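Read through the structure below, which is laid out as structure tokens, and then see the notes.
Only the coordinates and a few stated rules stand behind these numbers; no lab work does. All values reported here derive from a predicted model rather than from experimental measurement. All Cβ positions, even for glycine, are placed from backbone atoms using ideal geometry, and neighbour counts span all protein chains on display.
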Amino acid sequence: MQKSSNSNKYISPLPTTVHDHLHTLYYLHHSGITNFPRQRSSSVLPGSLPSQLLLCLPQTLAVICKRTIDSAAACYTEPLPDLVPSIDNRTIPWGSPSINNGSSTCCVSLDEVRAGIDAIDAQLLQLLSDRAAFVREATRFKPMHDLVDVPARDQQVIDRAVGGAPAVHLPQTIVRAVFTAIINASVPFELCVFDSFHDGVD
């Protein structure tokens with residue numbers, strides 16, 4: 001065991017759940033929270049942090065965590081964390097590239113980021129076109145105006161998308177907003193398709 005220079009306690013080896021504790025402490029540290037719950041026992045108790053982690057210098061902790069976790073991980077789940085607004089004036093680009101294509105990473109400039117977004121937007125337009133075609137086709141199987149929209153089905157589509165977001169590393173808050181907007185726009189479109197049809201005219 002190694003004795004701490006600023007405490008009479010001894011620093012024991014980090015527990016097997018060190019990654020979880022580092023993630024928690026790193027999140028709290030960068031959220032401006034300093035009242036970390038201490039733990040006297042060497043065992044890991046829910047809702048507390050082992051004292052050996054609390055003895056780590058913030059700078060050392062930051063270096064370790066940046067190598068093992070995504071500091072924005074909480075931004076990918078719901079609800080979004082209630083963070084203290086940062087007052088940093090950062091030198092850009094800050095942080096590390098978050099897009100890894102195997103042998104290369106992106107991006108080195110804002111222009112490169114925007115070019116990537118524009119390319120994906122073009123793909124999204126085609127996918128939305130394909131989806132709208134299926135929405136129109138679905139209308140053919142609805143016998144009455146009042147049966148065109150099925151709220152239970154709408155919610156099922158949204159919930160399934162939100163539930164599947166983590167598997168593709170997609171922020172759930174974006175998924176919910178996007179799919180809600182898609183549904184809200186698809187319903188009036190489908191109603192228009194239904195009401196504009198007249199027998200013998202397709």
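All other residues with a Cβ under 11 Å from the Cβ of Val187 taken together, and with Lys, Arg as +1 and Asp, Glu as -1, what is their net charge?
Working: positive: Arg153; negative: Asp149, Asp154, Glu190.
Cβ neighbours under 11 Å give a net charge of -2.
At 7 Å along the Cα-to-beta-carbon direction for both Ala138 and Phe189, put a label point, then send me their distance in nm to one decimal.
Label-label distance for Ala138 and Phe189, simple model: 1.1 nm.
Specify, per residue and in Å³, the volume enclosed by the convex hull of the alpha carbon atoms belonging to segment 110-196. Walk me through the numbers before you get to the answer.
Working: hull volume 9.4 nm³, N = 87.
Spread over its residues, the Cα hull of segment 110-196 gives 108 Å³ apiece.
Please tell me the relative contact order of segment 110-196 in percent, rounded to the nearest whole number, where contacts are Cα pairs under 8 Å and at least six residues apart. Display every interim value, and only then the final one.
Numbers: 40 pairs, mean separation 31.6, N = 87.
Computed over segment 110-196, the figure is 36 percent.
Could you give each residue of segment 170-184 its phi-based ³J(HN,Hα) in whole Hz, using Karplus coefficients 6.51, -1.76, 1.60 with θ = phi - 60°, and x for Gly or Pro?
10, x, 5, 5, 5, 4, 4, 5, 5, 5, 5, 5, 4, 5, 5
At a Förster radius of 22 Å, what calculated FRET efficiency corresponds to the Cβ-Cβ distance of Cys75 and Leu124, to the nearest 0.05? Write out the running numbers ahead of the final one.
Values: r = 21 Å, r/R0 = 0.95.
Working from the Cβ atoms, E equals 0.55.
With a Förster radius of 45 Å, plug the Cβ-Cβ distance of Ile117 and Asp146 into 1/(1 + (r/R0)^6) and report the FRET value to the nearest 0.05. Could the numbers behind the result be given before it?
Working: r = 40 Å, r/R0 = 0.89.
The calculated FRET efficiency here is 0.65.
Per-residue counts of other Cβ atoms within 10 Å, averaged by peptide: what ranking do you get for 187-196, 116-125, highest first?
Numbers: 187-196: 14.3, 116-125: 10.1.
Put in order of decreasing packing, that is 187-196, 116-125.
If I model a spin label as a point 7 Å beyond the Cα along the Cα-Cβ vector, how far apart are those points for Ser103 and Asn89 in nm?
4.2 nm
So, counting K/R as plus one and D/E as minus one, what does the shell of residues with Cβ under 15 Å around Cys106 add up to?
Working: positive: Arg114; negative: Asp111, Glu112, Asp118.
Net charge in that neighbourhood comes out at -2.
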